[in-house]
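Peer 1: Have a look at this one.
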């Protein structure tokens, strides 16, 4: 993922040589399943301490430059004039390299070197240069009749967990049914921050990527996926937690909770929602909980934990209960306590001192209290 964002990580030829190791591996062990992922480059450039003066402009150029209406063409030209030529060239070359690598990855699936490939869209928007790249990939996948071997989806950080889950479930011949339950039907059909498809599409894609199948039959589903997006709505947390509590008490289905930030300005847990889960005495009884960064990151993490926890392939693992408790505790400490409570307090304190929270100098970093 990180290498996909920068031109200095190597050429397309370098990447092909590395990927060809998979061909050698498949020849050596033809029965070994190979599950792989490749990243469709994010739309905005990553902050690197050098591009701060033009990063916003470059992101704007990436969003506009594929538009064909006269106003967008004119604005694209004005924006491009404010970006250093070398930086714009590097960005375009990086995108071209990544598109070439992704196309080659689909060839590995076509040649039965890779058994399952996920092409994951890194941070994006509803419009931009990534859309044409992805459309070309999808057209190639469709024409080669590779939809059963290749999926294109939102979210990147969580893909390794999804593929691990898929491998474990496939090993045990399992294909669990997942029933999504949304706190907000309106948000269900809305694009979440840094993604370019509706939330319900992301949910469906990630369930499939993990080796599950989406269902609307809540009563017969193996897992219920509770998707909370109602931050700031009076009474929403209490109402949704009551639904979750009833599912936990029933005890006959997996209970997976995805706490999603629909605005993108917090990127951690909703404190009211988590506090209500804890006060209801059910947080530790969940099969999974996650709330970090994008909707895809959150959903992928929660689905992987919940589906693995209930998998028959790991039901007799000696440390299963301990691993489950530790992972839930990690989510509580990281997603809730750090990102939603401590981090905002720290950011407020740093700004009060006149410091830049994202660029602390050595002396500022040494301050411990």
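Since every read-out is calculated from the coordinates, none of them should be taken as a lab result. Since the structure is predicted, the reported quantities are computational estimates derived from the model, not experimental observations. Here Cβ is always computed from backbone atoms with ideal geometry, including for glycine, and neighbour counts include all displayed protein chains.
Peer 1: Just how far, in whole angstrom, is the stretch 53-82 from the stretch 264-334 if you go by their alpha carbon centroids?
Peer 2: Centre-to-centre (Cα) distance: 40 Å.
Peer 1: Would you calculate the separation in nanometres between label points at residue 278 and residue 32, each defined as 7 Å from the Cα along the Cα-to-beta-carbon direction?
Peer 2: 4.5 nm
Peer 1: Largest first and in whole Å, what are the equivalent-ellipsoid semi-axes of the stretch 1-156 based on the Cα gyration tensor, each being the root of 5 times an eigenvalue?
Peer 2: 32, 17, 11
Peer 1: Taking the chain on its own, what percent of its Cα-Cα pair distances exceed 25 Å?
Peer 2: Percentage above 25 Å: 60.
Peer 1: Please find the FRET efficiency linking residue 265 to residue 355, where r is the Cβ-Cβ separation and R0 is fixed at 22 Å, and quote it to the nearest 0.05.
Peer 2: With a Förster radius of 22 Å, E is 0.65.
Peer 1: With a cut-off of 8 Å between alpha carbons and a minimum separation of six or more residues, what is the relative contact order of the chain in percent?
Peer 2: 14 percent
Peer 1: How do 182, 338 line up, fewest other C-beta atoms within 10 Å first?
Peer 2: 338, 182
Peer 1: Another question, if that's okay. Order these by the 10 Å Cβ neighbour count, fewest first: 20, 287, 69.
Peer 2: With the fewest neighbours first, 20, 287, 69 line up as 69, 20, 287.
Peer 1: Here's a follow-up. Roughly how compact is the stretch 173-369, stated as its Cα Rg over 2.2 N^0.38 Å to two decimals?
Peer 2: For the stretch 173-369, the normalised Cα radius of gyration comes out at 1.09.
Peer 1: List the relative contact order of the stretch 1-156 as a percent without decimals, with contacts defined as Cα pairs under 8 Å and 6+ residues apart.
Peer 2: Across the stretch 1-156, relative contact order equals 33 percent.
Peer 1: Given 0.36 nm per residue, what is the gain on full extension from residue 219 to residue 345 after removing their alpha carbon distance, in nm?
Peer 2: Taking 0.36 nm per residue and subtracting the Cα distance, the gain is 41.1 nm.
Peer 1: For the chain, what is the calculated [θ] at 222 nm in deg cm²/dmol (nearest 500), taking -39500 (n - 2.57) for each run of four or more DSSP H residues and dividing by its residue count?
Peer 2: After summing the helix terms and dividing by the residues of the chain, the value is -14500 deg cm²/dmol.
Peer 1: Which of 246, 147, 31 moves most in a GNM of the chain, Cα contacts under 10 Å?
Peer 2: Comparing 246, 147, 31 in a Gaussian network model of the chain, the most mobile one is 31.
Peer 1: Let's test the formula: R0 of 45 Å, r as the Cβ-Cβ distance of residue 186 and residue 16. What FRET efficiency results, to the nearest 0.05?
Peer 2: 0.50
Peer 1: Counting other beta carbons within 10 Å of each residue's own, what order do 19, 25, 299 fall into, fewest first?
Peer 2: Fewest-to-most Cβ neighbours within 10 Å comes out as 25, 19, 299.
Peer 1: A further question follows. Take the Cα coordinates of the stretch 297-369, assign each an equal point scatterer, and use the Debye formula without solvent to give log10 I(q)/I(0) at q = 0.15, 0.18 Å⁻¹.
Peer 2: One equal scatterer on each Cα of the stretch 297-369 leads to -0.68, -0.79.
Peer 1: At 37 °C and a viscosity of 0.692 mPa s, what translational diffusion coefficient does Stokes-Einstein give for the stretch 35-77, taking Rh as the Kirkwood radius over Cα pairs? Give it in µm²/s as a whole number.
Peer 2: It diffuses with D of about 272 µm²/s by this estimate.
Peer 1: Same structure again: Extension gain residue 313-residue 68, at 0.36 nm per residue separation less the Cα-Cα distance, in nm?
Peer 2: Once the chain is fully extended between residue 313 and residue 68, it gains 83.0 nm.
Peer 1: Relative contact order of the stretch 172-235, please, whole-number percent, based on alpha carbon pairs below 8 angstrom and at least 6 residues apart.
Peer 2: 51 percent
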